[in-house]
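Have a look at the structure below before the remarks.
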Amino acid sequence: MITDHNANIMDVNRAFTALTGYEEAEVIGRNPSFLQSGQHHPDFYTELWQQLREYGQWKGEFINRKKNGSIYPQLATISAITDESDEILHYICVFEDISLRKAHEEKLRRMAFFDPLTNLPNRVHLTHLLEQSIALGEKSDTPFATLFLDLDHFKHINDSKGHLFGDQLLAQVAERLQAMQAGNATIGRIGGDEFVIILTDYDCEATLLDIIDQTLGVFNTPFVFEHNEHLRVSGSIGVARYPNDGYDSETLLKNADTAMYLAKKNGRSGYAFYSPDLTDRSVQHVRIQSALHDAVDKEQLSLAYQPQYRLEDNALVGVEVLLRWEHPQLGFIPPSLFIPIAEKTGLIQHIGQWVLKAACQQGRAWLEQGLSFGKLAVNVSALQLQRAEFVKQLADITEQTKFPLEQLEIEITESFLLHNQQHAFNTLNELRELGVDVSLDDFGTGYSSLSYLKGLPINKLKIDRSFVNDVPEESDSNALVLAIIAMGNALDLRVVAEGIETKQQIDFLTQHGCQFGQGYAFAKPLTARDFVSLIS
């Protein structure tokens, strides 16, 4: 576009016509201001003309309007053409439509700062927003809360339903969170099934608790998918407050995450506030996780053996293999602490194979010594059993160690039966075909259901020690134990009571039809040598 010294259009080219929609005859003699979109402040044009007068050129971006009324961004260079006396003769404006470039820039910006699945701020953007809240809180001396929300059992949903299903669930959760928290919070998704909510608009802790309850309320109704499939999901929330629980974004997120794990430990589908002792536990968790990687290779793991007896005549019927870990600096670390860490990190596969092989080797050594010990019972993690190749690996181990399959017993927990029941039944049937017995451990402490017990290919039920511990004094525990014994007998399953410590417990269990038991009343977990001494 070429204008005279008064900025009236003298000439335009065909690109101008194609871009703006105006024909040459429609614009000649007019001031280009008719192209303005109205989106720039008058000061914008004042500064533009001032720069043209001072420097003879202006470069920048306009938002202009086409003949059809649509607006578009353009990148323009306006140059003043002068004569020998520096008098303005013309202005030349060269410009291009940068809509596509702007769209690409916006796409890149969203990719850099927003989660593509949910359109929520991602970790980078959320951290920046959290730092802004910290700066504002510091300036105005105003506290705020950081909520770390994690879906319960999301991995199981992904594994059983597929990642596309999982993505659809996450998108629906994000929609509900946004609808519920509109105008009251900043919500981000920082990875996987983890959401972070920054709450700055609450006047007291009671209000904060109400908001947390509302947030958990997004899970009160089922999520609906294609073909009218419904799924109920729950979530756990950890809460860290500024400035009590941290002065920077990294600390607040870490502490909220730590509190969230406490909420899960407390039973899921709830919330927990951060406290300093949680950090101590978190540090311990990290130390154990790091040390666990070397535990097998450095021969820190060992096995203990607890005899199992027939209650009516005190005859030895089997031995349960128990995993022990003695760390040179951290000392004895209980299985209840390191097994969940091993499962979370995937180390349980390596450790579980070692346990199976070491147990079968020891069992074979005892048989070669002529010792009779009945069944060798080995606990196997649900994560091991979920592997398609588990049964083959077990068969290979027994073949390598020459331990008879018919003397091996695998102890499973109810959690294995929840994730993929068809796979669980198939695996248990394959074990049965090999001649391996299957025992359902800690029965009654998980999601016990009569429906899955019916037809389940198992041989034995084990009553959890938490029930046995209270008999015969506690009537509630008595009722539960008797119900489990009756159920086991009705299903033609052997019933084993764990954690028996007194003769009164033995008498009560025997009187009511429990056939087998183990616990300190008979023997503590023993080393291999002490076990040999006991049964020789």
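The values are calculated or read from the model by the stated rules, or taken from the named source; none is laboratory data. Just so it is clear, the structure is predicted and the values come from calculations on it, not from any experiment. Glycine also receives a Cβ, built like all others from the backbone with ideal geometry; neighbour counts cover every protein chain displayed. Accessible surface areas use protein heavy atoms only, side chains included; no ligands, DNA or RNA. Shrake-Rupley method; radii C 1.70, N 1.55, O 1.52, S 1.80 Å.
With respect to residue 371, is the statement that it is surrounded by 13 or more Cβ atoms within 10 Å (Cβ to Cβ), under 29 Å from residue 521 (Cα atoms) and modelled with pLDDT under 90 true? Break it down into steps so the answer makes sense when it comes.
Working: surrounded by 13 or more Cβ atoms within 10 Å (Cβ to Cβ): yes; under 29 Å from residue 521 (Cα atoms): yes; modelled with pLDDT under 90: no.
So residue 371 fails the test.
Yes/no per residue for (1) charged (D, E, K, R); (2) closer than 23 Å to residue 229 by Cβ:
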{"position": "149", "(1), (2)": "no, no"}
{"position": "158", "(1), (2)": "no, yes"}
{"position": "161", "(1), (2)": "yes, yes"}
{"position": "164", "(1), (2)": "no, yes"}
{"position": "168", "(1), (2)": "no, yes"}
{"position": "171", "(1), (2)": "no, yes"}
{"position": "175", "(1), (2)": "yes, yes"}
{"position": "179", "(1), (2)": "no, yes"}
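Kindly establish whether residue 37 is loosely packed, with under 12 Cβ neighbours inside 10 Å, hydroxyl-bearing (Ser, Thr, Tyr) and more than 45 Å from the chain's Cα centre (by Cα).
No, not satisfied.
Just checking, does region 262-284 include any residue being among the hydroxyl-bearing types (Ser, Thr, Tyr) and assigned to a helix (DSSP H, G or I)? Explain how you work it out, then say what you get.
Applying the first criterion (among the hydroxyl-bearing types (Ser, Thr, Tyr)) to region 262-284 yields 269, 271, 274-275, 279, 282.
Narrowing the set further to residues that are assigned to a helix (DSSP H, G or I) leaves 279, 282.
For region 262-284, residues among the hydroxyl-bearing types (Ser, Thr, Tyr) and assigned to a helix (DSSP H, G or I): present.
Does residue 40 satisfy being in a helix (DSSP H, G or I) and within 30 Å of residue 119 (Cβ to Cβ)? Give the derivation first.
Details: in a helix (DSSP H, G or I): no; within 30 Å of residue 119 (Cβ to Cβ): yes.
No, not satisfied.
Quick check: is even one residue across region 356-368 assigned to a strand (DSSP E or B) and not aromatic (Phe, Trp, Tyr)?
Taking region 356-368 and keeping what is assigned to a strand (DSSP E or B), we get none.
Taking every residue of region 356-368 in turn, none turns out to be assigned to a strand (DSSP E or B) and not aromatic (Phe, Trp, Tyr).
Given the criterion of a type in the set (Gly, Ala, Ser), without any contact (Cβ under 8 Å) to a residue 24 or more places away in the chain and in contact with a strand residue (DSSP E or B) (Cβ under 9 Å, 6 or more places away or on another chain), identify the matching residue among 315, 304.
Details: 304 fails: without any contact (Cβ under 8 Å) to a residue 24 or more places away in the chain.
The conditions single out 315.
Looking at (1) touching a helix residue (DSSP H, G or I) at 6+ places or on another chain (Cβ under 7 Å); (2) of a type outside the set (D, E, K, R); (3) free of Cβ contacts under 8 Å to residues at least 12 places away in the same chain, which is the one condition that is false for residue 333?
(3)
Taking region 54-78 only, how many residues are among the charged types (D, E, K, R) and free of Cβ contacts under 8 Å to residues at least 24 places away in the same chain? I'd like the intermediate steps shown before the answer.
Kept after step one, since they are among the charged types (D, E, K, R), are these residues of region 54-78: 54, 59, 61, 65-67.
Within this subset, residues satisfying the condition of being free of Cβ contacts under 8 Å to residues at least 24 places away in the same chain are 54, 59.
So the answer is 2.
Going by the structure shown, is residue 362 more than 23 Å from residue 458 (Cα to Cα) and buried (at least 18 other Cβ atoms within 10 Å of the Cβ)?
Working: more than 23 Å from residue 458 (Cα to Cα): yes; buried (at least 18 other Cβ atoms within 10 Å of the Cβ): yes.
Yes.
Looking only at region 83-132, which residues are farther than 14 Å from residue 188 by Cα and among the small types (Gly, Ala, Ser)?
85, 99, 103
Here's a check for you: in region 225-241, which residue that is in contact (Cβ under 8 Å) with a residue 12 or more places away in the chain and assigned to a strand (DSSP E or B) is surrounded by the fewest Cβ atoms within 10 Å (Cβ to Cβ)?
Within region 225-241, the subset in contact (Cβ under 8 Å) with a residue 12 or more places away in the chain is 225, 231-241.
Retained after the next criterion (residues that are assigned to a strand (DSSP E or B)): 231, 235-241.
Details: 231: 14, 235: 24, 236: 24, 237: 24, 238: 25, 239: 23, 240: 24, 241: 19.
Among them, the one singled out is 231.
Regarding residue 529, is this residue free of Cβ contacts under 8 Å to residues at least 40 places away in the same chain, under 19 Å from residue 416 (Cβ atoms) and either of a type in the set (S, T, N, Q) or open to solvent by 70 Å² or more (accessible area, probe 1.4 Å) (or both)?
On the way: free of Cβ contacts under 8 Å to residues at least 40 places away in the same chain: yes; under 19 Å from residue 416 (Cβ atoms): no; either of a type in the set (S, T, N, Q) or open to solvent by 70 Å² or more (accessible area, probe 1.4 Å) (or both): yes.
Judged against the criteria, residue 529 is not a match.
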